[in-house]
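A short write-up of the structure that comes next.
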Amino acid sequence: EAALWTVWQHVGSAEALCQSTLLLVDPVQLGACMKCGVVQDIAGQYCDQFHKRVMTAGPPHSPWPSDLHVPFTDHSELVFSMSQSTQRAIGEDAVDQLASKGMAFGRGTAALDRLRREVQTSKSIVVVTGKGDIVRVVSLVVVHCTRKDGMVLAQIGKWDGSSVAGSCQLPGLKCYREELVGDTVQRIFFTRLAPLNGQVELESVKREVTEKESKEYGVQTRYMRAVCYAALLDDAEIPAGDAIARLTPQPGLDPQQPARTLSDFSVVSKQTSEAFSKLKEGLMAIRGADGSLNIFAWLRPADFEHFASPAGDAALRKIQQAVSVIQPSQLSEAQAEAEAADSAPACISQEGRRSTDELGVEDEGSPVVPDTAAQPRHVTFLKHATAC
């Protein structure tokens, strides 16, 4: 297909291994068929997006293009990058076909009406595939970042002000319209993973496509996920996040806090207890673009797979209950009190000072909580992430 939209040079030859059928397309005649209204507009944008992907294809953001395939040029992916007016035109046609086929009526016309409103307000993209299927399209990019010891960076939830909730997943974002994979990767490191910006090396990108029926709309939803594999640099210096996230001892989780009740035993396995011990070292609280604090942790690959699955949901909730967050304002108050205590006259007795617990300092030789509010935010350009 690349020969239709670009000046394409074939290198080498192809040999059929079985009986095949060839389709010859005259690009001049094809162009003449498209010179009318909406079709011309859609074809023009399709051409622009296809050409952009041919020109930007290549490691580390994608494989090299070939005669047989150009990465990220599935029809639904190209529609995702078109203008909103074109997306609405394509989407409304798809919804009309959905209605004419009688699909989604099993859930009533209300589901179809909701889907149509989503298309008209550019909140959902619906397309007709080459096989004639109608699917709702969601495109996102996630980062699979590993350390030298094999640990994987995962988001284990969000801090809502008093507790952590959410699922265990790879950090990522939905793609904006007209945004390529490389652009989204940069946005992830500028916003969601700012402390790691400039501290990783991108290695490769793998496209994963899954489909499942949307319970809300009664139509198949196609999730197109680009997984960007990255490695933390050996000399990486990761600054503290926007707040201090730490684990409090929990019965059955911490080896020093044995299980005391039946509920403690019910969700705690040896794997979960070991993961809890590992989590003590690598929790990060990073503020997202929406102002919320996302909680990240370094997990063993097996632990990540477990906590991200339905089977590990109860264990994940147990770990989330053990997470506490100290905001920068709380750290500043504790530091001010500590400085005031340090500057007090030597004749003041130890009883006259605030306890170390009140100053945010753990007993038994634990390190003082660092003042992240006084540290400069680490922002550099992402290495090896040239914009597509």
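The values are calculated or read from the model by the stated rules, or taken from the named source; none is laboratory data. Because the structure is a prediction, the values reported are computed rather than measured. Quick reminder, even Gly has a Cβ in these numbers, built from the backbone with ideal geometry, and neighbours come from all protein chains shown. We work out accessible area using only protein heavy atoms, side chains counted, and drop any ligands, DNA or RNA first. Shrake-Rupley method; radii C 1.70, N 1.55, O 1.52, S 1.80 Å.
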Q: Report D93's accessible area, 1.4 Å probe, all protein chains in place, as a number in Å² to the nearest 10.
A: 80
Q.
Given bins 10 angstrom wide, list per bin the percent of all Cα-Cα distances in the range 286-326, short to long.
A. 24, 47, 28, 1
Q. Using mean Cβ contacts within 10 Å as the protection proxy, how do 56-67, 71-82 order, highest first?
A. 71-82, 56-67
Q: Find the centroid of the Cα atoms in the range 15-92 and in the range 142-186, then give the distance between the two in whole Å.
A: 30
Q.
Testing the spin-label approximation: label points 7 Å from Cα along Cα→Cβ at C47 and D313. State their distance in nm.
A. 5.0
Q) Can you list, bin by bin at 10 Å, the percent of alpha carbon pairs in the range 126-192, starting at 0? A) 17, 33, 32, 15, 3
Q: Quick one: accessible surface of R207, probe radius 1.4 Å, all protein chains present, in square angstrom to the nearest 10.
A: 70
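First select every other residue whose beta carbon is under 11 angstrom from the beta carbon of T6; then total the charges, Lys and Arg +1, Asp and Glu -1.
Value of the local net charge: +1.
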Q. Carbon and sulfur atoms: what percent of the 1.4 Å accessible area of the range 112-174 do they account for?
A. 47
**Q.** the range 1-116 - convex hull of the alpha-carbon atoms, volume per residue in Å³
**A.** 188
Q) What is the distance, in nm, between label points placed 7 Å from the Cα along the Cα-to-Cβ direction at S122 and at D26? A) 3.9
Q. Sorted by accessible area (1.4 Å probe), largest first, how do I244, I238 line up?
A. I238, I244
